[in-house]
1. Suppose a student asked you for the relative contact order of segment 93-214, using Cα pairs under 8 Å spaced at least 6 residues apart; what percent would you report?
2. Using θ = phi - 60° and the Karplus relation 6.51 cos²θ - 1.76 cosθ + 1.60, list the HN-Hα couplings for segment 164-175 in order, rounded to whole Hz, with x at every Gly or Pro.
3. Considering only protein heavy atoms and a 1.4 Å probe, what is the carbon-and-sulfur percentage of the accessible area of segment 172-248?
4. Quick one: if you stick a label point 7 Å off each Cα along the C-beta vector at Asp231 and Glu214, how many nm between them?
Amino acid sequence: RTSSSIVSSILKHSQNMEKEQEETAKKIQRGEDAMRKIGKVASRKQIEFLQDINLSYAGDDKASISKDVMEEVVQVCFACKSSKTSIEGAKLFNCAKCRVAAYCSKQCQVMDWKAGHKLACEQYAKVGKHMTFKHISDKRQAIVDGVLSRIRFYSGPFAVHHHSKQGRGFLFIQSECTLAEMSLMKPILSTGKVMEMDRSVLIHFLTMGEYDQELCRDDFELAVMREKLKDAVGRYDFKTELVIGKVS
């Protein structure tokens, strides 16, 4: 092949990649617009937090990690996944807005911005490079609110069905992912690497009897929220409300 045909092939491949990324960005934008419209219909008091407990499960105690270790974050380019720049010895640079997303070149930054980072930038700013909410702990409930809102189309009908079969109870939601991972729009960690596991959740409907016999028996720490949980389960309006317990 001649050099001109090789260049033409490279340019065509690059144009196809940009087109695919633009299409992806448009789909993400449409989804975000739909969610915003739904959010306007719902009340701002959609979720009331009765109790927020840090059970300090293994893997969640990042606050105890030393500052030196926390600073050792190895990133790759969010667009091409390269760990190096085209300039020898130069480091990857970060997005000036979120200070998290890393890039090896301006071209990769523009491509990633069009592919959806312009919508996810604020989310990365919240989780930071270390995927923790330590610097914005006061906004943690707002983030939980956002995560729970994403599954309300499934959790609502699920709760209504099981309430009709089992009586009063609550939804118990489990996930192997951290809250920070669940809050991101795309499954890309702050390091720029793709998440190794699917961001899935398990939803159970439990009565208070099942909660005592099954959950508290295996994990006594969950008994800490029993009194408020029992009170909420006893008084919620099953036609308009549901009670949720979440562990991640």
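The values are calculated or read from the model by the stated rules, or taken from the named source; none is laboratory data. The model shown is predicted, which means the values in this text are computed figures rather than measured ones. Glycine also receives a Cβ, built like all others from the backbone with ideal geometry; neighbour counts cover every protein chain displayed. SASA here: full protein model, heavy atoms, side chains in, ligands and nucleic acids out. Shrake-Rupley method; radii C 1.70, N 1.55, O 1.52, S 1.80 Å.
1. Values: 115 pairs, mean separation 33.2, N = 122.
Once divided by the residue count of segment 93-214, the mean separation gives 27 percent.
2. 5, 8, 10, x, 5, x, 8, 8, 10, 10, 10, 8
3. Values: 2310 of 4480 Å².
So the carbon and sulfur contribution to the accessible surface is 52 percent.
4. So the label points at Asp231 and Glu214 sit 2.6 nm apart.
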